[in-house]
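Asks: Dropping a structure here in structure tokens format, bear with me for questions.
The values are calculated or read from the model by the stated rules, or taken from the named source; none is laboratory data. Remember, it's a predicted structure, so these values are computed and weren't measured experimentally. Please note: Cβ atoms are built from the backbone with ideal geometry, for glycine as well, and neighbour counts cover all protein chains shown.
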């Protein structure tokens, strides 16, 4: 009989709560109307930063908005991904960073959910190419 050590049990902890999940790096959800979503040259995301104490509640709000087809797709870093960091990131995706109207619509949805602080929007192509700081296309709203 193979029994797991307490450390192995901890490292394999699966949870619906991002703050507790050590089984994977991200929780991802997409809207019912979104058949496929791939990160590419035109996609981008609003970045919501949350401390571990608040990430589960923040994720629940955003996940519900995605499931209600108000948002396209979102992901949240789990406890595994956030080890050694001050908190978590939730990425709320859009298909086309050049579509300013959609970027503002999605930002409006996030505000309606209570995310009223200034947020940053980043192109996926910059993330893929590891472009940060100078040279990075970044919008704040």
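Asks: Could you list, in sequence order, the residues of the range 24-60 that are in contact with a helix residue (DSSP H, G or I) (Cβ under 9 Å, 6 or more places away or on another chain), under 16 Å from residue 110 (Cα atoms) and without any contact (Cβ under 8 Å) to a residue 60 or more places away in the chain?
Replies: 29, 30, 31, 50, 55 - these are the residues of the range 24-60 that are in contact with a helix residue (DSSP H, G or I) (Cβ under 9 Å, 6 or more places away or on another chain), under 16 Å from residue 110 (Cα atoms) and without any contact (Cβ under 8 Å) to a residue 60 or more places away in the chain.
Asks: Within the range 100-114, work out how many residues are assigned to a helix (DSSP H, G or I), touching a helix residue (DSSP H, G or I) at 6+ places or on another chain (Cβ under 9 Å) and surrounded by 13 or more Cβ atoms within 10 Å (Cβ to Cβ).
Replies: Number of matching residues: 2.
Asks: Which residues, counting only those in the range 132-141, are touching a residue at least 12 places away in the same chain (Cβ under 8 Å) and either loosely packed, with under 12 Cβ neighbours inside 10 Å or more than 27 Å from residue 69 (Cβ to Cβ) (or both)?
Replies: Of everything in the range 132-141, those that are touching a residue at least 12 places away in the same chain (Cβ under 8 Å) and either loosely packed, with under 12 Cβ neighbours inside 10 Å or more than 27 Å from residue 69 (Cβ to Cβ) (or both) turn out to be 136, 137, 138, 140.
Asks: Next question, about the same structure. Taking the criterion of being closer than 16 Å to residue 41 by Cβ, within 13 Å of the chain's Cα centre (by Cα) and touching a residue at least 60 places away in the same chain (Cβ under 8 Å), would at least one residue in the range 123-131 satisfy it?
Replies: Yes, the range 123-131 contains a residue that is closer than 16 Å to residue 41 by Cβ, within 13 Å of the chain's Cα centre (by Cα) and touching a residue at least 60 places away in the same chain (Cβ under 8 Å).
Asks: Somewhere in the range 90-97, is a residue part of a loop (DSSP other than H, G, I, E, B) and within 27 Å of residue 22 (Cβ to Cβ)?
Replies: No, there is no match, as no residue in the range 90-97 is part of a loop (DSSP other than H, G, I, E, B) and within 27 Å of residue 22 (Cβ to Cβ).
Asks: Name the residues in the range 9-62 that are in contact with a strand residue (DSSP E or B) (Cβ under 9 Å, 6 or more places away or on another chain), surrounded by fewer than 17 Cβ atoms within 10 Å (Cβ to Cβ) and assigned to a helix (DSSP H, G or I), would you?
Replies: 52, 54, 57
Asks: Here's another thing I want to ask about it. In this structure, does residue 80 turn out to be assigned to a helix (DSSP H, G or I) and closer than 20 Å to residue 138 by Cβ?
Replies: Numbers: assigned to a helix (DSSP H, G or I): yes; closer than 20 Å to residue 138 by Cβ: no.
Spelling it out, it is not the case that residue 80 is assigned to a helix (DSSP H, G or I) and closer than 20 Å to residue 138 by Cβ.
Asks: Could you say whether any residue in the range 79-88 is modelled with pLDDT of 95 or more, within 15 Å of the chain's Cα centre (by Cα) and either within 20 Å of residue 23 (Cα to Cα) or buried (at least 20 other Cβ atoms within 10 Å of the Cβ) (or both)?
Replies: Yes - at least one qualifying residue is present in the range 79-88.
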